[in-house]
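See structure below.
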Amino acid sequence: MEAFATALPALGEAWALILQPIVLGYLVLGVVMGLAVGVFPGLGGIAGLSLLLPFMFGMDPILGLALMIGMVAVVPTSDTFASVLMGIPGSSASQATVLDGFPMAKKGEAARALSAAFSSSLFGGLVGATFLTLFILVARPIVLAFGLPEMLMITVLGLSMVAVLAGRFALKGLAAAGLGIMIGTIGEADAGGSLRMASYDIPYLTDGLKLVIVGLGIFAVPEIVSLLRQDRSIAKGASLGAGWLDGVRDWFANIWLSVRCSIIGVVVGVIPGLGGSVVDWIAYGHSVQTTKDKSNFGKGEVRGVIGPESSNNAKEGGGLVPTLLFGIPGSGSMAIFIGAVALLGSGNIEVGPGMLKNNLDITYSIVWLLALANVVGTVLCIAASGGIAKLTTIRFTYLAPFLFMLISFAAFQSGQNFEDLLALFAIGLIGIFLRRFDWSRPAFLIGFVLSNPVEKFTNQAFQIASFRFRKSFEEGMDYIFSPIVIVLILITIVSVVLGIRQAKSIMAEGEVNSGAKRAPLVFLLVIAGYFVIALTNAALIPNYNMTDKIIPLVIGGFALTCCLILLVQMIRRPEGDAIFADKEVAGDDADAPYGLWSTLAWFAGLIAATWVVGFILALVGFLVSFLRVRAGASWGLTLLLTACGIGFMCLMAGVLNRDFPPGLLQGAVDLPWPLK
Amino acid sequence: MTVTRFTRRAALAIAASAAIAAPASAEVDFSGKTIEWVIPFSETGGSAKWANFFAPLLSEELPGNPTVVVKFMPGAGSTKGANWFQNQTHEDGTLLFGSSGSTQFPYLLGDPRVRYEYKDWNAVMASGTGGVAYLNAEDGAKFDGSANMLKDTDFIYGSQGATRLDLVPLLAWKMLGMNVEPVFGIKGRGDGRLMFERGEANIDYQTSSGYLKGSAEMVEAGQAVAMMTWGALDADGNIVRDPTFPDIPTFKEVCDATDGCETSGEAWDAWKAFFISGFPVQKLAFLPAGTPQDVIDTYTAAFEAVVARPDFGDISAARVGKYQVFTGAGAQDALGTATSVPDEAKAYVTNWLGEAYGVTLK
């Protein structure tokens, strides 16, 4: 209680600091900048914060905080635009939103989906801030109670969501998740530095694949290609049904779901080391499990939007706890935030354990600035959503070239290598076939996202546990089976049992028809082939680096077993069985006027041309020829749209001072920016 | 590339600083130009903090007050960026490169990916840090200035990797005869401290700023016991007590007091060489190969002016730690000490890494 006696005056001081017109002005400025950066997929808060950093030096702390928090807070809000409207997951915070948000946009309910998402975000942010105000005072011992076994169990809980999202064939879902984990292990191992499926001759692979690229490749590329082949607008029939008020009503009707998911968001966000990667999947799984009629999930169920969106803004608040109390950043943008706080004022605000004792008023200001920024950002987003939703009524052929432009640029920003574009294309291909043959793409992505935490926590927890066991058996058991771990194990078991029962009714890819044996069988053999190669590769790692090979061996072996069982099933079952799901047999893709390869060739062309003449020149050629040939636009419109596209690209890159992928030409001749 | 841009910070500030800062060299003028300071790490690390701290100060002191932009080129633990810098040549003096201990160590250890050569570059500024090792309260009670009573204890340490800066503490503990088992794969020293606080690890070390921010409090509260600092270098290259922690003995003192630990010979020379490269000369700023002397002089003068600011001690203490900053010839000398490790020392460390952790650098 003593703590609360000091907390109240500090809370009052915090509000006195916040409620100054100039502070609010800076907050709004930050929010507006954050929205502008956030709609750009793949850039997110890091780009925006880096932009602000030079202004922080010696700035009045409260003003600097208002500006930075305004910007960071709205990124998980504004990236919802890309995930709902285009099916592009802008950041890890909006991956689960894609699952139901994008199908809603396709049904012409984009405005409804957006406003439901934004209302949930807003509410989640406020619930998070309220919870934090009390929790932050007692958080330290609770955070310290989460050791490696506990973190491992939370990761496993996240993985168990695969059970819910596995699709009609659990084995396919498990193999897809296994493939995600295996692809996540590519590169130099964290623990012993062994190379997995990589070589020092291809330096790009040693760093592993980036989440941005895998997210874009798995979700965005297949959708863009599919819509482009069908040559229609995103909203079928180019009409907008439900408006933004419906979305707000939807949220209100599901307010308790929103509350629960917000709490999930804060609690998981508080645990350092996990970051936000699992939160939205756990929230999505929870939404599915608590909904009576599950048949609409994956096809545009509004609860599938409300759940993850409530959790992802609340998570930002929770993420402040490790950042402020321990000085351990929960995400990349939080790491820059810590650095920037040191630049503020006279540099006497030190993020870390002293924060609560010496700067409780500043701590509360940060918490509530975050909540306030959420309010401002959400109101702006809801106001804009009706208008922006109209994008979904435009003929997709006019949108697609710009989406290819955006995702290529976003992919390149993740590593500044030309190989980023190749990786995007390769992962995109995997995504296209996973989608075509009804292998769960969410399961793949969950596997990829959790690959590193699973491996890291397993190895570290194992090492420390064996150290404890050496001391005494009881000490080891106490360490592994703490009360928190036992509770988490129970939750995981319940969630898996429920998930398996429900999985059959949740079709993340919608209805898929089945057809002949050959194509699905070939795909299965390719996947199994990759597992064989990856397993051999892992087996070749010397045994003293057991930490680097154990997870690839176990997971790869497990996934390969799934593939082999599937193989037997495929051989024994007749053609037309649901196991041979193939989107090219019947349905939207099969009836599309354009073929897969000719459509994909446009994207490949852009990448190939970039390799020769650099991104901007390649883009000019790509936009002009695409709009003329594929879209059949007049010369006037073609040139106008191309100029707009290039202008927008250069403006964004110029303001954020980013480079474009260079080509062979740039290696030979010196060209001025933006051509260089 | 991520970028921090020092554009038009309030026009007044620039005008004011232009009036104060006298041009360092009459011939070199950067008016209207943009200087790119390339950091081979991501925007979230310590090197980013370091460059972001110096960039605006440098901008004020360079003739013509150019915009100083920090660019990040992460990859392969800084090897990618350093290899890229090796291929750059002098154009107009607008390219600066920052390296850290993580760039120096692979170079010293003969990592096959290293295609860069420090001797080609021109160091214009160097700065360092210190480090403090500490134990948990229970084992700390057995520490009497020597490690004699710690030899039977099993220690667990959260480590970023044996070939990183962690090489210095791991080798020191090994020389003291302590049995320290590293748990690899953590992402930063903050995570290591958290592991210590949770009681999963029972030994830890932090760089000076990390220690002051997070660990000193634990030591004061009796939850941890400070064991030793790595020390600091005096003008003659001897290891003396760290000025930031004058009350904590150095590793050298603890080693002298511990049975079986020698402050001379092969192991000691190897440890000292890697300590110098990793701590007192941890971060360096370079101009590319072939830079003319007048440009080097201009940068040297600008960094000297930065260090000579009356408030430099205060602002740097809070943001990058209170350690000596070397400029010009001093930086070049520092580079010499940091990168000239005797072959025997390299061989010793390579051999030890292979035996203890199975690390092969091929």
### Query
Hey, does the range B:233-249 have a residue that's at pLDDT 90 or above and within 14 Å of chain A (Cβ to nearest Cβ)?
no
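Here is a check on your reading of the model: is B:Asp191 within 12 Å of another protein chain (Cβ to nearest Cβ) and free of Cβ contacts under 8 Å to residues at least 40 places away in the same chain?
Numbers: within 12 Å of another protein chain (Cβ to nearest Cβ): yes; free of Cβ contacts under 8 Å to residues at least 40 places away in the same chain: yes.
Judged against the criteria, B:Asp191 is a match.
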### Query
Can you find a residue in the range A:339-356 that is closer than 30 Å to A:Ala113 by Cα and more than 9 Å from every other protein chain (Cβ to nearest Cβ)?
no
### Query
So A:Leu450 clears everything in (1) more than 12 Å from chain B (Cβ to nearest Cβ); (2) not in a helix (DSSP H, G or I) except one condition, right? Which one?
(2)
### Message
Suppose we filter the range B:240-280 for residues that are part of a helix (DSSP H, G or I), charged (D, E, K, R) and crowded, with 17+ Cβ neighbours inside 10 Å; how many remain?
### Response
3
### Task
Evaluate the range B:87-100: report whether one residue or more is in contact with a strand residue (DSSP E or B) (Cβ under 6 Å, 6 or more places away or on another chain), at the interface with chain A (Cβ under 10 Å from one of its Cβ atoms) and farther than 30 Å from B:Leu353 by Cα.
no
### Task
Would you tally the residues in the range B:146-161 being away from chain A (no Cβ under 14 Å), surrounded by fewer than 24 Cβ atoms within 10 Å (Cβ to Cβ) and assigned to a loop (DSSP other than H, G, I, E, B)?
2
### Query
Among the residues of the range A:86-100, is any within 14 Å of chain B (Cβ to nearest Cβ), open to solvent by 20 Å² or more (accessible area, probe 1.4 Å) and in contact (Cβ under 8 Å) with a residue 60 or more places away in the chain?
no
### Query
For the range B:68-86, how many residues are aromatic (Phe, Trp, Tyr), in a helix (DSSP H, G or I), open to solvent by less than 30 Å² (accessible area, probe 1.4 Å) and within 12 Å of another protein chain (Cβ to nearest Cβ)?
0
### Message
Considering only residues that are modelled with pLDDT of 90 or more, within 14 Å of chain A (Cβ to nearest Cβ) and open to solvent by 40 Å² or more (accessible area, probe 1.4 Å), which ones fall in the range B:102-145?
### Response
B:Glu138
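Please determine whether any residue of the range A:655-662 is in a helix (DSSP H, G or I), out of contact with any Phe, Trp or Tyr (no Cβ under 9 Å at 6 or more places or on another chain), modelled with pLDDT of 85 or more and open to solvent by 30 Å² or more (accessible area, probe 1.4 Å).
The initial filter retains those residues of the range A:655-662 that are in a helix (DSSP H, G or I), namely A:655-656.
After this cut, where a residue has to be out of contact with any Phe, Trp or Tyr (no Cβ under 9 Å at 6 or more places or on another chain) as well, the list is A:655.
Pick out the ones that are also modelled with pLDDT of 85 or more and you get none.
Checked the range A:655-662: no residue is in a helix (DSSP H, G or I), out of contact with any Phe, Trp or Tyr (no Cβ under 9 Å at 6 or more places or on another chain), modelled with pLDDT of 85 or more and open to solvent by 30 Å² or more (accessible area, probe 1.4 Å).
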### Message
Suppose we filter A:Leu424, A:Leu429, A:Leu445 for residues that are under 30 Å from A:Ala618 (Cα atoms) and either within 14 Å of chain B (Cβ to nearest Cβ) or surrounded by 24 or more Cβ atoms within 10 Å (Cβ to Cβ) (or both); which single one remains?
### Response
A:Leu424
### Query
Are any residues in the range B:171-185 among the aliphatic types (A, V, I, L, M) and within 14 Å of chain A (Cβ to nearest Cβ), and if so, which ones?
B:Val180, B:Val183
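Would you kindly identify the helices (runs of 4 or more DSSP H) lying entirely within the range A:536-654 that contain at least 2 residues that are touching a helix residue (DSSP H, G or I) at 6+ places or on another chain (Cβ under 8 Å), among the small types (Gly, Ala, Ser) and crowded, with 18+ Cβ neighbours inside 10 Å? Working first, answer last.
Working: elements: A:546-572, A:588-591, A:596-613, A:615-625.
Helices (runs of 4 or more DSSP H) meeting the threshold: A:546-572.
Just to be sure, is A:Thr77 modelled with pLDDT under 85 and closer than 30 Å to A:Thr393 by Cβ? Steps first, please.
Numbers: modelled with pLDDT under 85: yes; closer than 30 Å to A:Thr393 by Cβ: yes.
Considered against the rule, which asks whether it is modelled with pLDDT under 85 and closer than 30 Å to A:Thr393 by Cβ, A:Thr77 comes out as yes.
Can we say A:Phe462 is surrounded by fewer than 22 Cβ atoms within 10 Å (Cβ to Cβ) and either outside any helix (DSSP H, G or I) or within 14 Å of another protein chain (Cβ to nearest Cβ) (or both)? So that I can check it myself, show each step before the final result.
Working: surrounded by fewer than 22 Cβ atoms within 10 Å (Cβ to Cβ): yes; either outside any helix (DSSP H, G or I) or within 14 Å of another protein chain (Cβ to nearest Cβ) (or both): yes.
Yes: the conditions hold for A:Phe462.
Is one or more of the residues making up the range A:132-154 of a type in the set (Ser, Thr, Tyr), open to solvent by 10 Å² or more (accessible area, probe 1.4 Å) and within 19 Å of the chain's Cα centre (by Cα)?
Scanning the range A:132-154, I find no residue that is of a type in the set (Ser, Thr, Tyr), open to solvent by 10 Å² or more (accessible area, probe 1.4 Å) and within 19 Å of the chain's Cα centre (by Cα), so the answer is no.
Can you tell me which residue among A:Ser385, A:Ser408 is under 24 Å from A:Lys236 (Cβ atoms) and open to solvent by less than 10 Å² (accessible area, probe 1.4 Å)? Break it down into steps so the answer makes sense when it comes.
Details: A:Ser408 fails: under 24 Å from A:Lys236 (Cβ atoms).
Unique residue meeting the criteria: A:Ser385.
Could you check, for the range A:303-320, whether at least one of its residues is within 11 Å of chain B (Cβ to nearest Cβ), modelled with pLDDT of 75 or more and not in a loop (DSSP other than H, G, I, E, B)? Spell out the reasoning first.
Here is the first cut: in the range A:303-320, the ones within 11 Å of chain B (Cβ to nearest Cβ) are none.
Scanning the range A:303-320, I find no residue that is within 11 Å of chain B (Cβ to nearest Cβ), modelled with pLDDT of 75 or more and not in a loop (DSSP other than H, G, I, E, B), so the answer is no.
Sort out for me the helices (runs of 4 or more DSSP H) sitting completely within the range A:144-258 that have 1 or more residues that are in contact with a strand residue (DSSP E or B) (Cβ under 6 Å, 6 or more places away or on another chain). Steps first, answer last, please.
Values: elements: A:148-165, A:170-184, A:203-206, A:211-215, A:221-230, A:244-253.
So the answer is A:203-206.
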### Query
If a residue has to be touching a strand residue (DSSP E or B) at 6+ places or on another chain (Cβ under 8 Å) and of a type in the set (Asp, Glu) to count, how many in the range A:420-445 make the cut?
1
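Would you list the helices (runs of 4 or more DSSP H) that sit entirely within the range B:162-239 and hold 3 or more residues that are over 20 Å from B:Tyr357 (Cβ atoms)? Step through it out loud before you land on a result.
On the way: elements: B:167-175, B:189-197, B:216-220.
Hits in the range B:162-239: B:189-197, B:216-220.
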### Query
Mind checking which residues of the range A:202-214 are more than 10 Å from chain B (Cβ to nearest Cβ) and either farther than 17 Å from A:Ala426 by Cα or of a type outside the set (D, E, K, R) (or both)?
A:Ile202, A:Leu205, A:Gly208, A:Leu209, A:Leu211, A:Val212, A:Ile213, A:Val214
### Message
Of the conditions (1) aromatic (Phe, Trp, Tyr); (2) part of a loop (DSSP other than H, G, I, E, B); (3) under 19 Å from the mean Cα position of the chain (by Cα), B:Phe143 satisfies every one except a single condition; which number is it?
### Response
(3)
### Message
Filter the range A:394-419 down to the residues that are touching a strand residue (DSSP E or B) at 6+ places or on another chain (Cβ under 7 Å) and part of a helix (DSSP H, G or I) and list them by number.
### Response
A:Phe396
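Per-residue answers, yes or no, for (1) facing another protein chain (nearest Cβ under 8 Å); (2) open to solvent by 30 Å² or more (accessible area, probe 1.4 Å):
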{"site": "B:Trp50", "(1), (2)": "no, no"}
{"site": "B:Phe53", "(1), (2)": "yes, no"}
{"site": "B:Leu57", "(1), (2)": "no, no"}
{"site": "B:Glu60", "(1), (2)": "no, yes"}
{"site": "B:Pro63", "(1), (2)": "no, no"}
{"site": "B:Pro66", "(1), (2)": "no, no"}
### Task
Identify all residues within the range A:649-673 that are under 20 Å from B:Trp84 (Cβ atoms) and away from chain B (no Cβ under 12 Å); write none if there are none.
A:Gly663, A:Leu664, A:Leu665, A:Gln666, A:Ala668, A:Val669, A:Leu671
### Task
Report whether or not A:Ala668 is more than 21 Å from A:Leu429 (Cα to Cα) and more than 31 Å from the chain's Cα centre (by Cα).
yes
### Qualifying residue in the range B:316-330 (condition: charged (D, E, K, R) and assigned by TED's automatic domain parsing to the domain that holds B:Asn65)
yes
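The values are calculated or read from the model by the stated rules, or taken from the named source; none is laboratory data. As the structure is a prediction and not an experimental result, all values here were calculated from the model. When we count neighbours, we look across all protein chains shown, and the Cβ atoms used for this are built from the backbone with ideal geometry, even at glycine. Quick note on the areas: whole protein, heavy atoms, side chains included, nothing else; ligands and nucleic acids left out. Shrake-Rupley method; radii C 1.70, N 1.55, O 1.52, S 1.80 Å.
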